[in-house]
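S.K.: Structure in structure tokens, see below.
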Amino acid sequence: MEIKIKNIAVLTFAYMYSAVAVFFAGWLRPLWAALACVILGIGLFLGLRSWCWGMEDRVYLSKGTLCVGALLVLFLCWHTGIGAFTGQTGDWVKHNAVMHDLAEKEWPVIYRTGYGESMLSYYTGFYLLPALAGKIFGSFRAAELVQYGLTAIGLFLLWILVLKAGKVKGGKKQLLCLVLLFVFSSGLLPLGQAVCGNLYPENFPFGSHEWMNPETVRIQYTSNWSLLKWVPGQAVVPWQATVLLLLRPHKTENYVLVGLPVFLYSGFAMVGLAAMMLAVYLCDIACGGWKQAKKAFCASNILLAAAGGILVLYFWGNISGAKPEYLGFRWLDYGAKPEFYFIFCFFMFGFYAVLLWKENKRNAIYWITVGALLLYPRFSMGLYNDFTMRTSIPALFTFMILILRFLGLEEGKEKSLAVRKTLLTAGLVVGAIYPFMNLRESMTKNEIGMVYRTDGYMTLEQLADPSDGEIQDDFKYNYYTYDLEGDFFYKYLAKRR
């Protein structure tokens with residue numbers, strides 16, 4: 001069965017932009033909403049026409065592979081906790097509270113507490129369409145089911161795009177690629193933990209499936225499976241955008257088209273994607289000069305950037321609000337354990353980078369990715385350093401694509417290639433230990449037909465008080481714009497009741 005990549009790309013862009021259109025229509029005053037949607041629509045049309053121009057790539061899948069792939073996506077999605085069919089991680093108490101508020105309150109969501117009024121100012125892309133379904137049907141369960149279905153659709157589209165970007169051919173390999181996406185793709189975390197356990201036995205917390213050693217320095221490169229379990233809203237669309245960029249990395253006239261919707265799903269992932277785009281852009285300028293540089297100043301980029309400016313204004317009230325200094329962006333001090341930086345980098349991506357070097361030493365994307373992954377652990381932002389965890393999402397996914405391409409190479413007479421493939425496969429198996437353990441636990445501990453909803457708050461309203469010392473800083477500063485009278489978005493753009 002022949003599938004045109006440009007058709008899948010159009011569906012993926014529609015998937016990515018649907019939440020942006022709903023946000024504009026639901027949160028802005030009627031005049032601004034109409035203007036923003038028109039600008040978005042024209043920019044999207046021009047951008048899609050440009051991205052699809054000359055794209056004749058195809059993916060060949062048998063109907064059997066396509067059906068099994070769809071079932072596998074539904075199965076894996078089922079066990080992430082999306083839809084509450086299986087146990088949800090601790091972060092879902094916040095995810096569900098956001099969706100409750102979006103489904104049950106008027107838009108824009110305004111909270112009223114003893115501290116005063118505040119507005120929900122968060123990455124709402126993952127929740128908007130499900131919440132809209134919840135409003136229509138008057139049921140939070142309907143919102144959960146729509147969220148599950150939409151996530152599965154997004155992952156299915158992503159899988160087909162990855163098959164092309166990773167140059168994966170053959171039914172068995174294409175299905176194995178799907179498993180690699182969500183289960184195998186991880187750093188050598190168990191080995192890194194073993195080394196840290198020996199070096200720092202006095203402060204090493206064994207048992208974590210995500211952290212190498214948070215008691216030494218709080219940095220994490222999250223596996224794909226853990227992203228889907230903990231923060232699926234910050235994973236699926238950034239992954240889609242990353243693959244769309246890799247399919248056409250030098251079409252700078254489409255950079256805003258690819259990157260804009262990511263902002264509504266994950267600001268940090270947007271920073272990582274924008275950094276990659278900028279690096280590729282500068283490399284292209286070095287090779288092509290001004291002729292290459294001016295391609296970025298096209299109508300679609302300008303129109304979509306104007307629409308994106310509304311999202312910037314929406315988030316600015318949160319970003320610019322007063323917060324404790326330790327939550328801000330800062331250089332990460334490794335203190336008396338500077339070697340931990342090198343241990344972390346080697347086990348979380350360096351081992352793979354060494355094995356991929358020979359085939360990629362002239363590949364700018366490879367060097368940009370390695371450079372980014374070396375840089376991010378030098379900084380921190382947020383209580384749990386979300387900057388390192390989420391800004392790295394595009395770079396780590398790019399590395400996974402490079403791994404897929406490498407595994408698909410014909411070995412021929414080069415003996416070292418077979419050895420490196422064996423070592424890389426062994427590394428993937430080690431990295432898959434924790435994801436497999438989590439999947440196995442979900443399969444054995446959850447019963448079909450039950451609803452496993454982590455729903456401790458029901459609303460974020462009770463946490464919207466920065467003066468309350470009993471509320472954890474991670475909650476009271478991450479989700480709100482407090483100074484509504486001084487906020488441009490609220491005063492001039494947001495819908496009034």
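The values are calculated or read from the model by the stated rules, or taken from the named source; none is laboratory data. It should be emphasised that the depicted structure is a prediction, and the values quoted were computed from it without experimental measurement. Virtual Cβ from ideal backbone geometry, glycine too; neighbours counted across all protein chains shown. Side chains included, ligands, DNA and RNA excluded: accessible areas come from the protein's heavy atoms. Shrake-Rupley method; radii C 1.70, N 1.55, O 1.52, S 1.80 Å.
S.K.: Please work out how much accessible surface Thr454 shows to a 1.4 Å probe, ignoring ligands, DNA and RNA, in Å² rounded to 10.
M.R.: Here the residue's solvent-accessible area equals roughly 40 Å².
S.K.: Provide the per-residue ³J(HN,Hα) series for the stretch 473-485, in order, calculated from phi with Karplus coefficients 6.51, -1.76, 1.60 and θ = phi - 60°, each as a whole number of Hz, with x at glycine and proline positions.
M.R.: So the Karplus estimates, Gly and Pro as x, are 4, 4, 7, 6, 10, 8, 10, 10, 9, 8, 8, 5, 5 Hz.
S.K.: Moving on. When the distances between all Cα atoms of the stretch 1-118 are binned every 10 Å from zero, what whole-number percent does each bin get?
M.R.: Result returned by the calculation: 10, 23, 28, 28, 9, 2, 0.
S.K.: Please give every one of the lysines within straight-line cross-link reach of Lys323, meaning a C-alpha to C-alpha distance under 29 Å, and leave out same-chain neighbours fewer than 8 residues apart.
M.R.: Excluding near neighbours in sequence, the set is Lys94, Lys105, Lys229, Lys337, Lys476, Lys491, Lys495.
S.K.: How many angstrom separate the Cα center of the stretch 267-304 from the Cα center of the stretch 144-214?
M.R.: Their Cα centres are 29 Å away from one another.
S.K.: Still on this structure, I have one more. With a 1.4 Å probe and all protein chains left in place, how much accessible area per residue does the chain have, in Å²?
M.R.: Normalised by residue count, the accessible surface of the chain is 42 Å².
S.K.: Here's something else I'd like to know. Binning at 10 angstrom from zero up to the longest distance, how are the C-alpha pair distances of the chain distributed in percent?
M.R.: 4, 18, 30, 29, 15, 4, 0, 0
S.K.: Next question, about the same structure. From the cross-link list Lys169/Lys361; Lys4/Lys167; Lys164/Lys415; Lys164/Lys358; Lys6/Lys295; Lys4/Lys294, which pairs have alpha carbons spaced over 18 Å apart?
M.R.: Lys169/Lys361; Lys164/Lys415; Lys164/Lys358; Lys6/Lys295; Lys4/Lys294
S.K.: Compute the separation of the alpha-carbon centres of the stretch 104-143 and the stretch 313-346 and state it in Å as a whole number.
M.R.: 29 Å
S.K.: Here is a follow-up. Report, to the nearest whole %, how much of the accessible area of the chain belongs to carbon and sulfur atoms, 1.4 Å probe, protein only.
M.R.: 65 percent
S.K.: Follow-up. Going through the stretch 59-130, which chymotrypsin sites (Phe, Trp or Tyr not before Pro) have at most 15 other Cβ atoms within 10 Å and a DSSP loop state?
M.R.: Answer by residue number: Tyr115.
S.K.: Given R₀ = 25 Å, FRET efficiency for Ser416-Val179 by Cβ-Cβ distance, to 0.05?
M.R.: Calculated transfer efficiency: 0.40.
S.K.: Separate question: For the stretch 401-430, run through the trypsin sites (Lys or Arg not before Pro) and keep only the ones in DSSP coil with at most 13 other Cβ atoms within 10 Å of their Cβ.
M.R.: Answer in residue order: Lys413.
S.K.: Given the DSSP H assignment, sum -39500 (n - 2.57) over each helix run of at least 4 residues in the chain and divide by its residue total; what's the result at 222 nm in deg cm²/dmol, nearest 500?
M.R.: After summing the helix terms and dividing by the residues of the chain, the value is -19000 deg cm²/dmol.
S.K.: May I pose another question? Rank Thr459, Leu409, Gly83 by how far each Cα sits towards the positive end of the charge dipole of the chain (+1 on Lys, Arg Cβ; -1 on Asp, Glu Cβ) and give me just the farthest.
M.R.: Leu409
S.K.: Quick one: which residues, 5+ away or cross-chain, put their amide H under 5 Å from the amide H of Tyr480? H built at 1.01 Å from N.
M.R.: Ser121
S.K.: Let me ask you something else. Enumerate the calculated ³J(HN,Hα) couplings along the stretch 98-105 in order (Karplus 6.51 cos²θ - 1.76 cosθ + 1.60, θ = phi - 60°), each rounded to whole Hz, writing x wherever the residue is Gly or Pro.
M.R.: Values per residue, Gly and Pro as x: 4, 6, 4, 5, 5, 7, 10, 10 Hz.
S.K.: A further question follows. Quick one: compute the contact order of the chain, relative version, from alpha carbon pairs under 8 angstrom and 6+ residues apart, as a percent.
M.R.: 27 percent
S.K.: For the stretch 60-75, what does the Karplus curve 6.51 cos²θ - 1.76 cosθ + 1.60, with θ = phi - 60°, yield as ³J(HN,Hα) per residue in whole Hz, taken in order and with x for Gly and Pro?
M.R.: With the stated coefficients, the stretch 60-75 comes to 10, 10, 6, 4, x, 4, 4, 5, 5, x, 4, 5, 5, 4, 4, 5 Hz.
S.K.: What is the list of residues in the stretch 386-413 whose amide nitrogen lies under 19 Å from a point 7 angstrom out from the Cα of Phe329, following Cα to Cβ?
M.R.: 386-395
S.K.: I'd like the chymotrypsin sites (Phe, Trp or Tyr not before Pro) in the stretch 262-293 restricted to DSSP loop residues with at most 15 other Cβ atoms within 10 Å, sorted by number.
M.R.: none
S.K.: Give me the base-10 log of I(q)/I(0) for the stretch 363-473 at each q in 0.11, 0.15 Å⁻¹, Debye formula, one uniform scatterer per Cα, rounded to two decimals.
M.R.: Taking Cα atoms of the stretch 363-473 as identical point scatterers yields -0.69, -1.01.
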